[in-house]
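Enquirer: What follows is a structure written as structure tokens; I'll ask about it next.
The values are calculated or read from the model by the stated rules, or taken from the named source; none is laboratory data. Note that the structure is predicted; figures quoted are calculated from it, not measured. All Cβ positions, even for glycine, are placed from backbone atoms using ideal geometry, and neighbour counts span all protein chains on display. Protein only, heavy atoms only, side chains kept; ligands, DNA and RNA dropped before computing areas. Shrake-Rupley method; radii C 1.70, N 1.55, O 1.52, S 1.80 Å.
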Amino acid sequence: SLSKLQLKTGDLDPRLFSRLRHLQKLDLSDNLLDKFPNSLTLPDLRVLNCNNNKLEDVTALKQFPLLEELTYENNVYLTLNDDYKVMFLLQNLRLLNGKDITKLANHVRRVNSRKLTSKVTAHWEKFFRDQLPEEHTAEQVKSIKKKFLKSVQTNVVCGPSSLSEFTRWRVKMIAEEFLSYSLGLELNTDPEPEEKMEENEEESTESPSEAAEDEAQVMVTPSKRKRNNSKSRSKNKRSKTQANTKEEAEDVSAEPLHFLQCHSKGNSREDFKTQLWSCVFEPLLDSGVRKDPIVSSSRTVATCGGESVCLIDCETGTVLKKYKVATEEFFSVAWTTLTMAISDGRKKSHNILAAAGRRGIVKLIHVAADFCYGEIKAHKKPIATVCFSPTQETHLFTASYDKRIALWDIGIPDCDYNFKASQLLVLEALSIPLRIALVPTCPEQYLLAGCESSCLAWNIKLDNEQKNRPFEAIFQFPDEDGGMTTSHRVDGLAFLNDDVIVSKSSKLGCIYLWSWSRSFDAKGKGCQRTVSAVILAELEWSTTNMSYLTLSTCPAKGYVFCGDENGSVWMYNLSGYTTAWSSAKGKRSDKRIPPAQILKWPELRANGEQLSEILVNNVVSDPTFTYLVVLTSVNVTAIWKKS
């Protein structure tokens with residue numbers, strides 16, 4: 001027994017342990033181990049207790065082939081996927097965390113392996129066999145191997161979504177064996193380091209049976225939609241445009257990948273009423289458990305609506321995780337990356353998701369650990385939207401129906417998830433703030449908000465003791481009569497670049513682009529002053545006056561996206577305009593700018609009936625504009641991919 005000794009991984013000296021040739025039972029519980037060294041040996045080990053440690057991976061346990069009983073409860077980074085990995089790796093394992101797993105383990109080792117092997121083989125035969133010439137060079141083998149491993153991990157799916165990470169791990173293993181033994185393609189021609197799978201990535205908080213049931217209800221299939229990316233796909237299958245611009249021939253075409261019904265109340269397949277409101281792509285970590293080796297940019301998106309928050313892999317359409325609060329209706333989600341202390345004083349970056357809605361409470365979720373570690377009772381009325389500061393990782397803004405925007409410091413949780421949140425500012429608005437945006441050139445000084453009846457700006461600098469602050473400026477825009485007004489509902493607000501703001505006034509059904517620097521004269525004095533927005537252009541959009549169909553931007557590509565009342569997505573490529581707008585003498589574009597493309601909603605059938613009256617509440621692209629996520633009023637999340 002080596003329990004409760006504050007042992008760290010470095011304390012397990014292989015030179016000592018490898019001499020314990022006949023050790024059968026080992027208790028390492030209640031220590032600080034984050035992994036097992038690979039060379040402990042212990043050839044006769046039968047019983048191992050690792051409860052209450054900080055283990056992040058189980059694959060090193062394969063060095064104990066005779067292990068029959070294993071417990072590792074209360075290791076927060078280990079998930080259901082790890083249970084399945086040890087069942088496969090340890091052929092003699094009978095008890096896992098006190099439960100008899102004999103039948104399940106046999107299924108994992110035999111039935112599951114047969115199914116996956118069949119799918120891997122079929123994938124090779126269908127997509128790769130003809131790519132390899134009979135007389136092939138080592139370089140050709142290396143290339144085909146790399147392409148095949150990447151493709152097969154992305155496309156071969158089996159079992160519930162909660163086991164996707166285990167499935168991908170096994171698929172890679174099977175694919176390598178297939179290449180080596182069945183085809184005689186030696187793998188040692190490629191000395192690349194082993195790709196580390198995304199630990200803890202795809203563990204659902206639901207049981208395997210629940211997840212499988214949920215998965216069966218999730219897919220809503222559009223008629224005539226092809227799922228593969230074969231080159232034979234004809235161009236007329238693409239969603240074509242109503243574009244009049246020169247960019248029409250540009251690479252802006254997008255194709256539908258997935259249509260998911262994953263926010264249903266009580267997992268009901270009959271739910272086409274839950275409204276979906278907010279989605280944000282997960283930031284990439286430089287290293288750590290959520291780094292995905294298969295793609296170079298984030299393809300994981302958090303979505304919210306109804307009682308749940310979902311994490312979705314945009315490429316596969318897999319619901320990686322689902323978090324529910326039965327009494328909540330979630331309106332907004334936001335990501336931040338916190339550098340948290342782990343064992344032996346080391347630090348590690350983890351992505352934290354904040355989710356809020358009707359109850360006025362912010363839930364803080366440590367995604368990799370599948371753990372909602374805390375909540376902040378931020379407001380007594382619903383929270384419309386939340387966002388994190390891009391420069392202060394713990395600073396969170398919450399905009400509420402109480403006509404206030406609060407700035408919180410959420411703190412950094414310690415290794416036991418203790419944290420302390422504090423309120424730093426309260427910004428007073430004239431009406432309910434719907435959308436908020438920090439000014440990119442000075443995110444610690446100014447915040448903008450689109451509200452129910454106005455567009456406002458506040459000074460948020462934390463250099464004075466005034467905690468409650470009135471707005472510093474109210475912006476006026478053209479009205480229907482040709483004059484200027486400050487009274488209008490702004491339900492869309494985002495920065496296209498460091499200076500250009502895109503805002504949508506729902507009453508007039510118009511989208512304006514305007515200059516922050518030219519509108520907001522920093523030298524002007526006094527609070528609550530009226531400022532005329534210096535408008536650069538107007539976008540051609542739907543004639544609807546329906547509210548809360550919000551917009552978003554992709555600054556890296558110069559794009560603006562906005563959905564409409566017919567399920568369509570309007571895409572504007574403004575990269576050719578921004579240079580002229582940045583000029584001090586840049587004049588307003590006389591004509592409204594048309595969309596580069598309008599993605600039409602395809603014919604979707606659910607339970608044999610066509611979905612109708614589809615509003616696009618929100619549409620967001622990832623930072624590189626690879627994926628486009630469309631949230632609707634009918635509980636359907638649509639994922640498009642740029643082709």
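Enquirer: Of everything in the range 372-384, what is open to solvent by 60 Å² or more (accessible area, probe 1.4 Å) and touching a strand residue (DSSP E or B) at 6+ places or on another chain (Cβ under 7 Å)? Give them in sequence order.
Expert: Filtering the range 372-384 down to residues open to solvent by 60 Å² or more (accessible area, probe 1.4 Å) leaves 375, 377, 380-381.
If the condition is that a residue be open to solvent by 60 Å² or more (accessible area, probe 1.4 Å) and touching a strand residue (DSSP E or B) at 6+ places or on another chain (Cβ under 7 Å), then 375, 377, 381 are the ones that fit.
Enquirer: Residue check, residue 163 against (1) touching a residue at least 40 places away in the same chain (Cβ under 8 Å); (2) over 24 Å from residue 311 (Cα atoms), all met but one. Which one?
Expert: Unmet condition: (2).
Enquirer: Right, next: Scan the range 569-578 and give yes if some residue there is touching a residue at least 12 places away in the same chain (Cβ under 8 Å), under 20 Å from residue 638 (Cα atoms), among the aromatic types (Phe, Trp, Tyr) and open to solvent by less than 10 Å² (accessible area, probe 1.4 Å), otherwise no.
Expert: Keep residues of the range 569-578 that are touching a residue at least 12 places away in the same chain (Cβ under 8 Å), which gives 569-578.
Still in the list and also under 20 Å from residue 638 (Cα atoms): 569-572.
Pick out the ones that are also among the aromatic types (Phe, Trp, Tyr) and you get 570, 572.
Retained after the next criterion (residues that are open to solvent by less than 10 Å² (accessible area, probe 1.4 Å)): 572.
Within the range 569-578, one or more residues are touching a residue at least 12 places away in the same chain (Cβ under 8 Å), under 20 Å from residue 638 (Cα atoms), among the aromatic types (Phe, Trp, Tyr) and open to solvent by less than 10 Å² (accessible area, probe 1.4 Å).
Enquirer: Against the conditions (1) farther than 29 Å from residue 640 by Cβ; (2) open to solvent by 20 Å² or more (accessible area, probe 1.4 Å), where does residue 338 fall short? Just the number, please.
Expert: So the condition that residue 338 fails would be (2).
Enquirer: Now for a separate question. Could you please find all residues in the range 378-401 being assigned to a loop (DSSP other than H, G, I, E, B) and in contact (Cβ under 8 Å) with a residue 24 or more places away in the chain?
Expert: The first filter runs over the range 378-401 and keeps only residues assigned to a loop (DSSP other than H, G, I, E, B), leaving 378-382, 389-394, 401.
Once the filter is applied, which keeps residues that are assigned to a loop (DSSP other than H, G, I, E, B) and in contact (Cβ under 8 Å) with a residue 24 or more places away in the chain, the range 378-401 yields 378, 379, 382, 389, 390, 391, 392, 393, 394, 401.
Enquirer: Output the number of residues of the range 591-617 satisfying the condition of being touching a residue at least 40 places away in the same chain (Cβ under 8 Å) and open to solvent by 90 Å² or more (accessible area, probe 1.4 Å).
Expert: Kept after step one, since they are touching a residue at least 40 places away in the same chain (Cβ under 8 Å), are these residues of the range 591-617: 592-600, 602-607, 611, 614-617.
Those still in the list that are open to solvent by 90 Å² or more (accessible area, probe 1.4 Å) too: 592, 600, 603, 605, 607.
Adding up the residues that qualify gives 5.
Enquirer: Could you list all residues from the range 461-494 that are over 29 Å from residue 620 (Cα atoms), part of a strand (DSSP E or B) and at pLDDT 90 or above?
Expert: 468, 469
Enquirer: Another question, if that's okay. Output the number of the condition that residue 350 fails; it satisfies all remaining conditions of (1) modelled with pLDDT under 95; (2) open to solvent by 10 Å² or more (accessible area, probe 1.4 Å); (3) under 27 Å from residue 447 (Cβ atoms); (4) not small (Gly, Ala, Ser).
Expert: Among (1) modelled with pLDDT under 95; (2) open to solvent by 10 Å² or more (accessible area, probe 1.4 Å); (3) under 27 Å from residue 447 (Cβ atoms); (4) not small (Gly, Ala, Ser), the lone unmet condition for residue 350 is (2).
Enquirer: Identify, by number, the condition in (1) closer than 29 Å to residue 319 by Cα; (2) open to solvent by less than 50 Å² (accessible area, probe 1.4 Å); (3) not in a helix (DSSP H, G or I) that residue 162 doesn't meet.
Expert: (3)
Enquirer: Quickly run through the range 412-430 and pick out the residues that are free of Cβ contacts under 8 Å to residues at least 60 places away in the same chain, open to solvent by 10 Å² or more (accessible area, probe 1.4 Å) and of a type outside the set (D, E, K, R).
Expert: If we filter the range 412-430 for residues that are free of Cβ contacts under 8 Å to residues at least 60 places away in the same chain, which is where we start, we get 416-430.
Going one step further and asking which of them are open to solvent by 10 Å² or more (accessible area, probe 1.4 Å), we end up with 416-424, 426, 428-430.
Within the range 412-430, 417, 418, 419, 421, 422, 423, 424, 426, 429, 430 qualify.
Enquirer: Could you list, in sequence order, all residues of the range 247-267 that are modelled with pLDDT under 85 and either within 25 Å of residue 564 (Cα to Cα) or crowded, with 17+ Cβ neighbours inside 10 Å (or both)?
Expert: Correct list: 247, 248, 249, 250, 251, 252, 253, 267.
Enquirer: So, of the residues in the range 618-642 that are among the β-branched types (Val, Ile, Thr) and open to solvent by less than 20 Å² (accessible area, probe 1.4 Å), which turns out to be farthest from residue 269 (Cα to Cα)? Walk me through how you get there before you give the answer.
Expert: Start the filter on the range 618-642 by keeping residues that are among the β-branched types (Val, Ile, Thr), which leaves 619-620, 624, 626, 629-630, 632, 634, 636-637, 639.
With the extra rule that they be open to solvent by less than 20 Å² (accessible area, probe 1.4 Å), the set shrinks to 619, 629-630, 632, 634, 636-637, 639.
Values: 619: 23, 629: 21, 630: 19, 632: 16, 634: 12, 636: 11, 637: 14, 639: 19 Å.
Ranking the qualifying residues of the range 618-642, first place goes to 619.
Enquirer: Being more than 16 Å from residue 367 (Cβ to Cβ), surrounded by fewer than 19 Cβ atoms within 10 Å (Cβ to Cβ), modelled with pLDDT of 80 or more and not hydrophobic (A, V, I, L, M, F, W, C) narrows it down to one residue among 328, 270, 315, 307; which is it? Walk me through it before giving the result.
Expert: Numbers: 328 fails: surrounded by fewer than 19 Cβ atoms within 10 Å (Cβ to Cβ); 315 fails: surrounded by fewer than 19 Cβ atoms within 10 Å (Cβ to Cβ); 307 fails: surrounded by fewer than 19 Cβ atoms within 10 Å (Cβ to Cβ).
Criteria check complete, one pass: 270.
Enquirer: Cβ-Cβ below 7 Å, separation at least six or inter-chain, first residue in the range 439-451 and without any contact (Cβ under 8 Å) to a residue 24 or more places away in the chain, second assigned to a strand (DSSP E or B) and of a type in the set (S, T, N, Q): which pairs?
Expert: Taking only residues 6 or more apart or on different chains, the pairs are 445/459.
Enquirer: On the basis of being in a loop (DSSP other than H, G, I, E, B), open to solvent by 10 Å² or more (accessible area, probe 1.4 Å) and not aromatic (Phe, Trp, Tyr), does residue 588 make the cut?
Expert: Numbers: in a loop (DSSP other than H, G, I, E, B): yes; open to solvent by 10 Å² or more (accessible area, probe 1.4 Å): yes; not aromatic (Phe, Trp, Tyr): yes.
The answer is yes for residue 588.
Enquirer: So, in the range 545-560, how many residues would count as being touching a Gly at 6+ places or on another chain (Cβ under 6 Å) and surrounded by fewer than 17 Cβ atoms within 10 Å (Cβ to Cβ)? Can you show your working first?
Expert: From the range 545-560, those touching a Gly at 6+ places or on another chain (Cβ under 6 Å) are 545, 549-551; that's our starting set.
In the following step, the residues that additionally are surrounded by fewer than 17 Cβ atoms within 10 Å (Cβ to Cβ) were identified as 545.
Residues in the range 545-560 being touching a Gly at 6+ places or on another chain (Cβ under 6 Å) and surrounded by fewer than 17 Cβ atoms within 10 Å (Cβ to Cβ): 1 in total.
Enquirer: If you scan the range 480-493, which residues turn out to be surrounded by fewer than 22 Cβ atoms within 10 Å (Cβ to Cβ) and aliphatic (A, V, I, L, M)?
Expert: Residue satisfying the conditions is 484 alone.
Enquirer: Hey, does the range 385-395 have a residue that's open to solvent by less than 20 Å² (accessible area, probe 1.4 Å), modelled with pLDDT of 95 or more and over 23 Å from the mean Cα position of the chain (by Cα)?
Expert: no
Enquirer: Continuing with the same structure: Could you check how many residues of the range 402-411 are under 11 Å from residue 422 (Cβ atoms) and either open to solvent by 10 Å² or more (accessible area, probe 1.4 Å) or in a loop (DSSP other than H, G, I, E, B) (or both)?
Expert: The total comes to 4.
Enquirer: So which of 56, 73, 125, 134 is in a helix (DSSP H, G or I) and either open to solvent by 10 Å² or more (accessible area, probe 1.4 Å) or at pLDDT below 90 (or both)?
Expert: Values: 56 fails: in a helix (DSSP H, G or I); 73 fails: in a helix (DSSP H, G or I); 134 fails: in a helix (DSSP H, G or I).
After applying the criteria, what remains is 125.
Enquirer: Name the single residue, out of those in the range 24-47 being in contact with a Pro (Cβ under 9 Å, 6 or more places away or on another chain) and open to solvent by 30 Å² or more (accessible area, probe 1.4 Å), that is nearest to residue 345 (Cα to Cα).
Expert: Looking at the filtered set, the residue picked out is 38.
Enquirer: Now for a separate question. Among the residues of the range 76-99 satisfying the criterion of being assigned to a loop (DSSP other than H, G, I, E, B) and of a type outside the set (S, T, N, Q), which is surrounded by the most Cβ atoms within 10 Å (Cβ to Cβ)?
Expert: Here is the first cut: in the range 76-99, the residues assigned to a loop (DSSP other than H, G, I, E, B) are 76-79, 90-94, 97-98.
From the residues that got through so far, the ones that are of a type outside the set (S, T, N, Q) too are 76-78, 90, 93-94, 98.
Details: 76: 18, 77: 21, 78: 26, 90: 23, 93: 21, 94: 15, 98: 9.
Here the residue is 78.
Enquirer: Which one of these does residue 355 not meet: (1) more than 30 Å from residue 530 (Cβ to Cβ); (2) touching a Cys at 6+ places or on another chain (Cβ under 7 Å); (3) open to solvent by 10 Å² or more (accessible area, probe 1.4 Å)?
Expert: (3)
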